[in-house]
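Scroll down for the structure; my scribbles are underneath it.
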Amino acid sequence: MKDRLRLLAASSSTTVFGVIAGLLATSVSRLTGMETFDYSLYFLPSDPSFFGILSNNLVVYATTILGFGLVTLANLFLAGIPLGVELVHNDFVWLIIPHGIFEFPALWFAGAAGLRIPSDLARYLQRETDRVLTPSGIRMVVRYALLSLVLFVVAGLVETTVTRWLAEWAT
């Protein structure tokens, strides 16, 4: 249980650091929000349909889980940057809330799953355990990966229905 919470905390705090970086980068620069996005490595032009959004979510999902630590942390950090930029430059940032309540936990569960194997490997190399992959570690990775996948699908559905409806209503 302690490992699970530690890995979820590492995932979510890495994203929070990305949000802070996005806030700081746009606060101290003279760039507008769109110019900042144009220079961002994380910005992916997206098809606004459910399948377009889902395909972007699945790329993030796969690379976060299979990133073996470094890519996982990079994805978690980079996912926060656009939110930080939007907080500075966008009056409609509240539109992130409906799908974000599913998308960010999906990202954090994927991050925890992606960090588990490198974490277990480090513990093995430090001779804290006699196995690299424990049955409980494998179960955690599978559970978190499945939960993350379901949450990413729900986030895509919410983004293409509820968020889109709210955006049309607000403008």
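What number of residues within segment 116-141 satisfy the criterion of being touching a residue at least 12 places away in the same chain (Cβ under 8 Å) and β-branched (Val, Ile, Thr)?
Of the residues in segment 116-141, 4 are touching a residue at least 12 places away in the same chain (Cβ under 8 Å) and β-branched (Val, Ile, Thr).
Hey, among 83, 121, 107, which residue is modelled with pLDDT of 95 or more and either surrounded by 21 or more Cβ atoms within 10 Å (Cβ to Cβ) or part of a helix (DSSP H, G or I) (or both)? Before the answer, list the steps.
On the way: 83 fails: modelled with pLDDT of 95 or more; 121 fails: modelled with pLDDT of 95 or more.
Only one candidate passes the filter, namely 107.
Residues in segment 62-71: is at least one surrounded by 15 or more Cβ atoms within 10 Å (Cβ to Cβ) and in contact with a Pro (Cβ under 6 Å, 6 or more places away or on another chain)?
Within segment 62-71, one or more residues are surrounded by 15 or more Cβ atoms within 10 Å (Cβ to Cβ) and in contact with a Pro (Cβ under 6 Å, 6 or more places away or on another chain).
Could you grab me the full set of residues in segment 133-171 that are open to solvent by 50 Å² or more (accessible area, probe 1.4 Å) and more than 23 Å from residue 105 (Cβ to Cβ)?
Result: 133, 135, 168, 169, 171.
Name the one entry in 51, 37 that is assigned to a helix (DSSP H, G or I), at pLDDT below 95, closer than 21 Å to residue 163 by Cα and open to solvent by less than 50 Å² (accessible area, probe 1.4 Å).
Just a single option satisfies the conditions, and that option is 37.
The values are calculated or read from the model by the stated rules, or taken from the named source; none is laboratory data. Since we're looking at a predicted model, the values are computed, not measured. Cβ coordinates were reconstructed from backbone atoms using ideal geometry, including for glycine residues, and neighbour counts include every protein chain displayed. Side chains are part of the model used for accessible areas, which takes the heavy atoms of the whole protein and leaves out ligands, DNA and RNA. Shrake-Rupley method; radii C 1.70, N 1.55, O 1.52, S 1.80 Å.
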